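J.: Have a look at this one.
The values are calculated or read from the model by the stated rules, or taken from the named source; none is laboratory data. Bear in mind the structure is a predicted one, so any value in this text is a computation, not a measurement. Please note: Cβ atoms are built from the backbone with ideal geometry, for glycine as well, and neighbour counts cover all protein chains shown. Accessible surface areas use protein heavy atoms only, side chains included; no ligands, DNA or RNA. Shrake-Rupley method; radii C 1.70, N 1.55, O 1.52, S 1.80 Å.
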Amino acid sequence: MRHLIDCIVVGAGLAGATIAEQLADKYSKNVLVIESRFNVGGHCYDKLDKSGIRLHMYGPHLFHTDNSKVWNYLSHFTDWEMYEHRALVAIHGQKVPVPFNFVSLEALFPRALADRIESKLLDIFGFDRKINILELRNKHDEDLELLANFIYKNVFEQYSLKQWGFKPEQMDADVVGRIPVVLNHDSRYFQDRYQAVPREGYTQMITNMLSNKRIKVMLGTNFMDIAHLQEGKIYILGQEFRGSVYYTGKVDELAGFVFGNLPYRSLKLQFERINLEYFQEVAQVNYPNQYDFTRITEFKHIQPSESKDTIILKEYPLEHVHGENDPFYPVFNKESRERYEKYAELLHQYKQIILVGRLAEYKYYDMDDVVARALVAVEQAMQG
Ligand SMILES: Cc1cc2nc3c(=O)[nH]c(=O)nc-3n(C[C@H](O)[C@H](O)[C@H](O)COP(=O)(O)OP(=O)(O)OC[C@H]3O[C@@H](n4cnc5c(N)ncnc54)[C@H](O)[C@@H]3O)c2cc1C
């Protein structure tokens with residue numbers, strides 16, 4: 001095995017595909033990619049339904065980045081269809097842009113009050129700034145507190161309760177910080193320089209990344225079923241493997257859950273075919289205050305299709321249970337971060353193992369960040 005395979009990559013998601021591609025193409029390594037599912041793509045997995053609508057099977061994936069290196073790298077494997085994401089939130093019978101911005105403010109507040117609040121926001125924070133809800137609350141100004149409380153009550157509190165099972169202030173500050181209030185009229189969800197989706201889909205892009213002849217992909221195989229870790233050594237099917245193992249799966253699973261599970265939120269994903277040309281105004285509408293689902297995505301808005309029907313996706317958050325559902329979002333708090341550190345330290349004795357990706361590093365990575373991280377991980381490993 002040692003002579004045939006130089007490196008093993010566990011997981012054929014975006015992290016694993018980037019690593020395998022770089023090892024094979026740049027460093028001429030023979031790479032075995034081991035993937036437990038029967039398809040490549042990981043969380044970015046998408047496919048066309050029978051009426052030609054491209055569905056993102058683990059929730060909507062919108063590629064956006066300011067990182068030219070990542071954009072240029074991925075552009076070797078796909079053409080792009082430009083797409084700027086827009087999302088609305090349903091409040092008091094109206095649908096207004098989210099993140100909350102001046103358009104949302106003017107739609108929901110009386111004109112004179114909206115004007116006064118906008119002037120104060122611009123004076124204090126400046127045009128185009130993104131501030132978070134907690135910052136706004138800390139200003140001790142009556143109008144800004146009114147706005148803060150309104151957004152908190154109508155957008156964040158119920159959404160967080162549904163999404164995480166916690167109030168926002170019980171989460172790490174960076175989770176709340178990720179939900180900004182934007183001080184302009186730009187209702188695009190992202191402001192990045194590059195915003196697009198792969199023309200033939202993420203699965204095809206990732207398949208192209210894995211097409212190098214030096215890469216072998218083994219689907220339907222859980223690494224844990226064939227690997228055994230003992231005293232700093234890795235055994236595959238009973239034989240010691242001395243090459244590098246780039247691991248992109250769950251780190252607690254790799255270490256046999258010795259310190260307990262790392263908590264995640266999962267989602268029940270319900271796709272529905274609707275006999276209408278379009279169901280809603282934009283690709284995404286959030287429902288913090290009604291229903292058990294958090295949001296509805298309509299895929300035809302992301303990549304247009306000739307289909308007379310449309311397909312929507314409702315996301316119902318729930319707790320992640322290993323073996324029963326998929327881990328979607330890490331639940332960050334002091335305890336879970338400390339538990340992760342214990343796992344990372346334990347696995348440190350296995351010098352061959354390199355942890356990369358959202359599950360192995362217990363991080364929320366956007367797609368561009370995970371590609372950037374994978375590129376650096378390979379470079380560092382090959383130099384070190
Ligand atoms: C609902 C949702 C929406 C998102 N939307 C966006 C978005 O709009 N824009 C954006 O930039 N990012 C988005 N992301 C983030 C994006 O999904 C991640 O950046 C990306 O999937 C990370 O890739 P990865 O390779 O680290 O992990 P994954 O894609 O999860 O890949 C890991 C792979 O490893 C396999 N695996 C795990 N354990 C084993 C094992 N023991 N043996 C074999 N195989 C194993 C898994 O089956 C999986 O295929 C979203 C994430 C979520 C949860």
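J.: For a quick check of your reading of the model, give me the residue pairs whose first member lies in the range 358-372 and is farther than 18 Å from Pro198 by Cβ and near the ligand (Cβ under 6 Å from one of its atoms), whose second is assigned to a loop (DSSP other than H, G, I, E, B) and of a type in the set (Val, Ile, Thr), with beta-carbon atoms closer than 7 Å and at least 6 apart or on different chains.
T.: Leu359/Thr248
Each row is one residue, and each column tells you yes or no for (1) farther than 30 Å from Ala360 by Cβ; (2) modelled with pLDDT of 95 or more; (3) out of contact with any His (no Cβ under 9 Å at 6 or more places or on another chain).
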residue: Tyr264; (1), (2), (3): no, yes, no
residue: Phe271; (1), (2), (3): no, yes, yes
residue: Val282; (1), (2), (3): yes, yes, no
residue: Tyr287; (1), (2), (3): yes, yes, yes
residue: Glu298; (1), (2), (3): yes, yes, yes
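J.: Of all residues in the range 223-234, which are open to solvent by 50 Å² or more (accessible area, probe 1.4 Å) and near the ligand (Cβ under 9 Å from one of its atoms)?
T.: Hits for the range 223-234 are Met224, Asp225.
J.: What's the total number of residues in the range 308-340 that are over 28 Å from Glu361 (Cα atoms) and in contact with a Lys or Arg (Cβ under 7 Å, 6 or more places away or on another chain)?
T.: 3
J.: Do we have Asn72 as open to solvent by 10 Å² or more (accessible area, probe 1.4 Å) and either assigned by TED's automatic domain parsing to the domain that holds Arg214 or modelled with pLDDT under 95 (or both) here?
T.: When the stated conditions are applied, Asn72 does not pass them.
J.: So for the range 10-33 (the condition being modelled with pLDDT of 95 or more, in a strand (DSSP E or B) and within 26 Å of Leu313 (Cα to Cα)), does at least one residue qualify?
T.: Looking through the range 10-33, none of the residues is modelled with pLDDT of 95 or more, in a strand (DSSP E or B) and within 26 Å of Leu313 (Cα to Cα).
J.: Within the range 119-128, is even one residue in contact with a strand residue (DSSP E or B) (Cβ under 9 Å, 6 or more places away or on another chain) and of a type in the set (Asp, Glu)?
T.: Among the residues of the range 119-128, at least one is in contact with a strand residue (DSSP E or B) (Cβ under 9 Å, 6 or more places away or on another chain) and of a type in the set (Asp, Glu), which makes the answer yes.
J.: Of all residues in the range 294-304, which are part of a loop (DSSP other than H, G, I, E, B) and free of Cβ contacts under 8 Å to residues at least 24 places away in the same chain?
T.: Residue satisfying the conditions is Pro304 alone.
J.: Considering only residues that are aliphatic (A, V, I, L, M) and in contact with a helix residue (DSSP H, G or I) (Cβ under 7 Å, 6 or more places away or on another chain), which ones fall in the range 259-280?
T.: Correct list: Leu262 only.
J.: Show the residue pairs that are 6+ apart or on different chains and have beta-carbon atoms under 7 Å apart, the first residue being within the range 135-159 and more than 15 Å from Ser104 (Cα to Cα), the second being at pLDDT 85 or above and part of a loop (DSSP other than H, G, I, E, B).
T.: Qualifying pairs under 7 Å: Gln158/Pro288; Gln158/Asn289; Tyr159/Pro288; Tyr159/Thr294.
J.: Select from the range 43-57 the residues that are within 22 Å of Ile19 (Cα to Cα) and near the ligand (Cβ under 10 Å from one of its atoms) and list them in ascending order.
T.: Within the range 43-57, His43, Cys44, Tyr45 meet the criteria.
J.: Output the residues belonging to the range 93-115 that are open to solvent by less than 50 Å² (accessible area, probe 1.4 Å), over 20 Å from Gly126 (Cα atoms) and either assigned to a loop (DSSP other than H, G, I, E, B) or assigned by TED's automatic domain parsing to the domain that holds Tyr291 (or both).
T.: Within the range 93-115, Phe109 is the sole residue that qualifies.
J.: Residues in the range 205-222 that are in contact with a Phe, Trp or Tyr (Cβ under 7 Å, 6 or more places away or on another chain) and either open to solvent by less than 20 Å² (accessible area, probe 1.4 Å) or hydroxyl-bearing (Ser, Thr, Tyr) (or both): how many?
T.: Of the residues in the range 205-222, 2 are in contact with a Phe, Trp or Tyr (Cβ under 7 Å, 6 or more places away or on another chain) and either open to solvent by less than 20 Å² (accessible area, probe 1.4 Å) or hydroxyl-bearing (Ser, Thr, Tyr) (or both).
J.: Sticking with this structure for a sec: Search the range 24-42 for residues being within 15 Å of the ligand (Cβ to nearest atom) and in contact with a Cys (Cβ under 9 Å, 6 or more places away or on another chain), and hand back the single one that is least open to solvent (accessible area, probe 1.4 Å).
T.: Going through the qualifying residues, I end up with Val31.
J.: Out of Tyr152, Tyr189, Tyr159, which single residue is touching a Pro at 6+ places or on another chain (Cβ under 9 Å) and in a loop (DSSP other than H, G, I, E, B)?
T.: Within the list Tyr152, Tyr189, Tyr159, the selection yields Tyr189.
Matching residues to (1) farther than 18 Å from Gly59 by Cα; (2) part of a loop (DSSP other than H, G, I, E, B):
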| residue | (1), (2) |
| --- | --- |
| Glu306 | yes, yes |
| Ile312 | no, no |
| Asp326 | no, yes |
| Glu335 | yes, no |
| Glu345 | yes, no |
| Arg373 | yes, no |
| Val376 | yes, no |
| Gln380 | yes, no |
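J.: Got a number for residues in the range 327-351 being within 16 Å of the ligand (Cβ to nearest atom) and crowded, with 16+ Cβ neighbours inside 10 Å?
T.: The total comes to 10.
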